[in-house]
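Here's the structure we're looking at; comments come further down.
The values are calculated or read from the model by the stated rules, or taken from the named source; none is laboratory data. Computed from a predicted model, the values in this text were never measured in an experiment. Glycine gets a Cβ as well: all are built from the backbone with ideal geometry, and neighbour counts include every protein chain shown. To get the accessible areas, we keep the full protein, side chains included, count just its heavy atoms, and leave off ligands, DNA and RNA. Shrake-Rupley method; radii C 1.70, N 1.55, O 1.52, S 1.80 Å.
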Amino acid sequence: MSIVASIRRQIVPVHREGLPFIGIFALASLLLFWVWTPLGWIGTGLTVWCALFFRDPERVTPVREGLVVAPADGRVSKIINAVPPPELNLGERALPRVSIFMNVFNCHINRSPVTGRIDKIVYKSGTFINADLDKASENNERNSFVIATGGARIIVVQIAGLIARRIVTFAREGASVRVGERIGMIRFGSRVDVYLPEGVRPLVAEGQSSIAGETVLADLRAGTRELTFRVG
């Protein structure tokens, strides 16, 4: 492998959604250099951070039928039973919910957790409280996907956070998606909730790190045993 090819393999691509923001940060940095050099270096650091925020790395996704993978990078902040968002009109029955909190240093590209068909996409405006708080599921701006897969239904909810002000959707209602396929992003800190079918046990634990498109959250096959974890 040549040196050039080796370097290219180390450079993570940036999603096109981030290019305008990176350009604005870069231009502001040049102006700050003109005003005062130390401010220019601060702006340069923020420009690098902005580029990292919008990074869009390739992922190696397990594709066995029945697996549910993480839709977001971040930390598994809570695993509870909860009622899906009311605007989806899916009833009042509580379902297993895995919440993944993304801080401003995580990759914010969201991916489909399963292969299937997007039956419904519903956006709801709301507030912008800290996405790590449980009430953010009810009050914050959000965008919900209902994905039908193999006779089951997976719900993915993008939730805007304290800093985030824009949820971006790449997919459309009625479209077929593959597991690990990019379906959207949330700008500058947020959370993603995944609602599993009733009776399905999550295979992750609170506090665990997740990688979008790679970390297995659950197995829809009957008889899958819940995992145990240790910290250390």
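Brief remarks follow.
- Any chance Val48 is touching a residue at least 12 places away in the same chain (Cβ under 8 Å) and surrounded by fewer than 18 Cβ atoms within 10 Å (Cβ to Cβ): no
- Test result for Arg172, surrounded by fewer than 16 Cβ atoms within 10 Å (Cβ to Cβ) and either of a type in the set (A, V, I, L, M, F, W, C) or out of contact with any Lys or Arg (no Cβ under 7 Å at 6 or more places or on another chain) (or both): yes
- Residue within region 220-229 that is surrounded by fewer than 21 Cβ atoms within 10 Å (Cβ to Cβ), at pLDDT 95 or above and not aliphatic (A, V, I, L, M) present: no
- Applying the condition of being over 14 Å from the mean Cα position of the chain (by Cα) and not polar (S, T, N, Q) to region 172-194 and asking which residue is farthest from Lys124 (Cα to Cα) yields Arg178.
- A search for C-beta distances below 8 Å between a residue of region 68-81 that is more than 14 Å from Arg201 (Cβ to Cβ) and open to solvent by 10 Å² or more (accessible area, probe 1.4 Å) and any residue that is among the small types (Gly, Ala, Ser) and part of a loop (DSSP other than H, G, I, E, B), counting only pairs 6+ apart in sequence or on different chains, returns Asp73/Ala212; Arg75/Gly207.
- Matching option when the condition is among the charged types (D, E, K, R), within 24 Å of Gln208 (Cα to Cα) and open to solvent by 80 Å² or more (accessible area, probe 1.4 Å), among Glu65, Glu92: Glu65
- Total residues in region 188-199 satisfying the condition of being open to solvent by less than 20 Å² (accessible area, probe 1.4 Å) and either closer than 15 Å to Asp73 by Cα or β-branched (Val, Ile, Thr) (or both): the figure is 6.
- Residues that are open to solvent by less than 10 Å² (accessible area, probe 1.4 Å) and either modelled with pLDDT under 95 or farther than 13 Å from Pro85 by Cα (or both) within region 144-153 comprise just one, Ile147.
- With a requirement of 2 or more residues that are at pLDDT 95 or above and of a type in the set (Gly, Ala, Ser), the strands (runs of 3 or more DSSP E) lying completely within region 7-117 that satisfy it span 74-82.
- Any hit, region 99-119, residues being in contact (Cβ under 8 Å) with a residue 12 or more places away in the chain and among the acidic types (Asp, Glu): yes
- Filtering Ala51, Ala26, Ala70 for residues that are under 24 Å from the mean Cα position of the chain (by Cα), of a type in the set (A, V, I, L, M) and more than 30 Å from Gly151 (Cβ to Cβ) leaves a single hit, Ala51.
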